[in-house]
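Every read-out reported here was derived from the displayed coordinates using simple, explicitly stated rules and does not represent laboratory data. Remember, it's a predicted structure, so these values are computed and weren't measured experimentally. Note that each Cβ is placed from the backbone with ideal geometry, even for glycine, and that neighbours are counted across all protein chains shown.
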Amino acid sequence: MDRFDIKSGHNVVVLWDNSSTAESGMQLVQDIRAVAGEFGYVAMENIGRLTISAHRDSSFDLVLSGLVPNSATMHSFEVFAEIARILKPGGRFYFTEPVCVSGDSSKLKTGSQLTSALKLAGFTEITEVGLFTIQTESLTAEQLGSIKQSVGYQGNNLIKVELMAKKPNFEIGSSAQLKLSFVKKPKAVEKPQLDLNTRKAWTLSATDMNDDDVDLIDSDELLDEADLKKPDPASLRAMDCGEGKKKKRACKNCTCGLADELGGKGSKGVKTPQVKSSCGSCYLGDAFRCASCPYMGMPAFKPGEKILLSDQTLTDA
């Protein structure tokens, strides 16, 4: 039993199949019970009934399969998964299985396919038993005949390998909290302390704004007599207004006063409109005028007052 590292108190399952009889494995079971002792438990199970057994999860330390003399056990993926279920975390699975070297059989696995099936079932640390080297043995004529009869294989590329697979040291479905190391945020750079006198010089509070100490300037006082003088209406007439035509006609929405001079005899449908600017706010002053307004820089007009532009005014605009 040193081969399987069985110790006192271990729970072990021995699997057998139809290629051997239960009686042929009794000697192996007795040898295991002698080592496991009264505190250990040894069960013998047919591999075909393992998946419908009532074994509890994580209840066995070892599972042995295909080790009964003259056996040629073949394991399905469902059997591997069931063995992984009943093994304790860290439990070991020892087994032998005939494999096809050339891979020309649809029912027999190759060595790589056998290893892949074990990994998919949840096993790790899959090694060849012995001095961690591939250990194979030729099948006996009885074993070879049993396999050929059960799977219908007629080739001769068969060997028997013995492997050990280990269940991970954690329970299937278990979870653990990950300890993540977060980079500590750098300490904020302290702002330099300002001198109290400097801070006071650059700080403005409500108490600093005393109406009695503040001189308010009237905007009308900024205008001189030249600014208040109204322009000559004749000098504000639009450039080339009514010229170059056989007959003078006032423009639509005339604001230069030509419509008044013609006495309403302008173009058809021309009416003398009430004089106002296009935006209606030019007369209020520069604060209400557009950036391109020709009245920029002129004093405010009275509402309804006629606004005339000179040729020079339009040219400057």
- Task: Using R₀ = 22 Å, calculate the FRET efficiency as 1/(1 + (r/R₀)^6) where r is the Cβ-Cβ separation of E38 and A81; round to 0.05.
- Result: 0.10
- Whole-Hz Karplus couplings 3J(HN,Hα) for segment 72-79, θ = phi - 60° and coefficients 6.51, -1.76, 1.60, Gly and Pro as x, run 9, 6, 10, 9, 8, 5, 4, 5
- Message: Please compute the modelled spin-label separation between F170 and L196, points set 7 Å along Cα→Cβ, answer in nm with one decimal.
- Response: 6.2 nm
- Message: Can you order the peptides 34-47, 2-15 by their average number of other Cβ atoms within 10 Å per residue, highest first?
- Response: 2-15, 34-47
- Message: Here is the link list: K107/K166; K7/K119; K88/K184; K119/K184; K7/K107; K109/K167. Which ones come out longer than 31 Å on Cα distance?
- Response: K88/K184; K119/K184; K7/K107
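Taking 0.36 nm per residue of sequence separation and subtracting the Cα-Cα distance, how much length would be gained by fully extending the chain between A141 and S53, in nm to one decimal? Walk me through the intermediate numbers first.
Numbers: separation 88, 0.36 × 88 = 31.68 nm, distance 3.27 nm.
This chain segment gains 28.4 nm when fully extended.
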- Query: Amide H to amide H, which residues 5 or more places from S71 or on other chains are under 5 Å from it, using H placed in the peptide plane?
  - Reply: none
- Give a residue-ordered list of calculated ³J(HN,Hα) values for segment 47-60 (Karplus: 6.51 cos²θ - 1.76 cosθ + 1.60, θ = phi - 60°; whole Hz; x for Gly, Pro). 5, x, 10, 5, 5, 10, 6, 9, 5, 6, 5, 6, 10, 10
- Note on the structure: With a Förster distance of 45 angstrom and the Cβ-Cβ distance between K119 and S181, calculated FRET efficiency to the nearest 0.05 equals 0.90
